[in-house]
Amino acid sequence: MKREKGQVLMELLIAITVGVVLAAIGAQLASVSLNAARSSRQQNEGMGLAQEGIEAMRAIARTNSPSSQGWNKLYLPPDGTGASSTKGIGNPFHPEVIGGEWQLVSGSETVVLAGNTHTRSVIIENVSRASSTRAILAAYDAAYDDPSTQKVRVIVSRTGLPDIELSAYFTRFLNEVTVQTNW
């Protein structure tokens, strides 16, 4: 078969166009994949910081010091001598290792992991329970205050990503008992 003079040029242009389109699609897929991997890594970093925050709060609640029982540090933050008014969303704290043990410190903290800056806050809230069922109420009601339970929320935020929030209820179950020896 005999080809027309312009047919080879047309086939070449079509082949180049198809190649360029496929390369552009491949580059876009690679870019989306890299962005998804980066976002996933940053979310995992945030989740790790939130989990660490909950575990640090558990350690604080269970550690006694000469000045305060651990539970008191949650109930009267940050050191067990505060006031119940120092709790809630407007009064964030963060865990910090001081003197070899976890301590509760006022304010949020900034944590840099692999070049990514995260902000971690611990929010401590009072809890109320229904009088009949003892179930935890969705919203705090001072009339049904449960002084033996505190809600702890750890919030990790990073610009451009949704906040990560973990929460846990802590109960006062490790009270110390002392024996009266002299009346």
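The values are calculated or read from the model by the stated rules, or taken from the named source; none is laboratory data. The structure presented is a predicted model; accordingly, all values stated were derived computationally and were not measured. Backbone-built Cβ (ideal geometry, glycine too); neighbour counts: all protein chains shown. Heavy atoms of the whole protein, side chains included, go into the accessibility calculation; ligands, DNA and RNA do not. Shrake-Rupley method; radii C 1.70, N 1.55, O 1.52, S 1.80 Å.
Assorted remarks:
- 222 nm mean residue ellipticity, helices alone, for the chain (DSSP H n ≥ 4; -39,500 (n - 2.57); rounded to 500): -12500 deg cm²/dmol
- The stretch 1-92 gives an Rg/Rh value of 1.65, both radii derived from C-alpha positions and Rh following Kirkwood.
- Of 64, 44, 35, the residue with the greatest mean-square motion in the GNM of the chain, using alpha carbon springs below 10 Å, is 35.
- Cα principal axis extents for the stretch 72-178, largest first, Å: 50, 35, 21
- Taking the Cα centre of the chain as origin and assigning +1 to Lys and Arg Cβ atoms and -1 to Asp and Glu Cβ atoms, the resulting dipole is close to 640 debye.
- When you work out D = kT/(6 pi eta Rh) for the stretch 39-80 at 20 °C and 1.002 mPa s, using the Kirkwood radius from C-alpha pairs as Rh and the Stokes-Einstein form, the result is 190 µm²/s.
- Excluding ligands, DNA and RNA, the accessible surface per residue across the chain is 63 Å² with a 1.4 Å probe.
- In the stretch 98-171, the trypsin sites (Lys or Arg not before Pro) that fall in loop regions by DSSP, at most 15 other Cβ within 10 Å: 134
- Result for the chain in a Gaussian network model with C-alpha springs under 10 Å: among 141, 79, 163, the largest mean-square fluctuation is at 141.
- Alpha-carbon geometry of the chain: the Rg and the Dmax are 28.3, 120 Å, given in that order.
- Rg over Rh [alpha-carbon atoms, Kirkwood Rh] for the stretch 111-157: 1.25
- Length-normalised contact order for the chain - Cα pairs under 8 Å, 6+ apart - percent: 17
- C-alpha center-to-center spacing [the stretch 16-40, the stretch 93-170] in angstrom: 41
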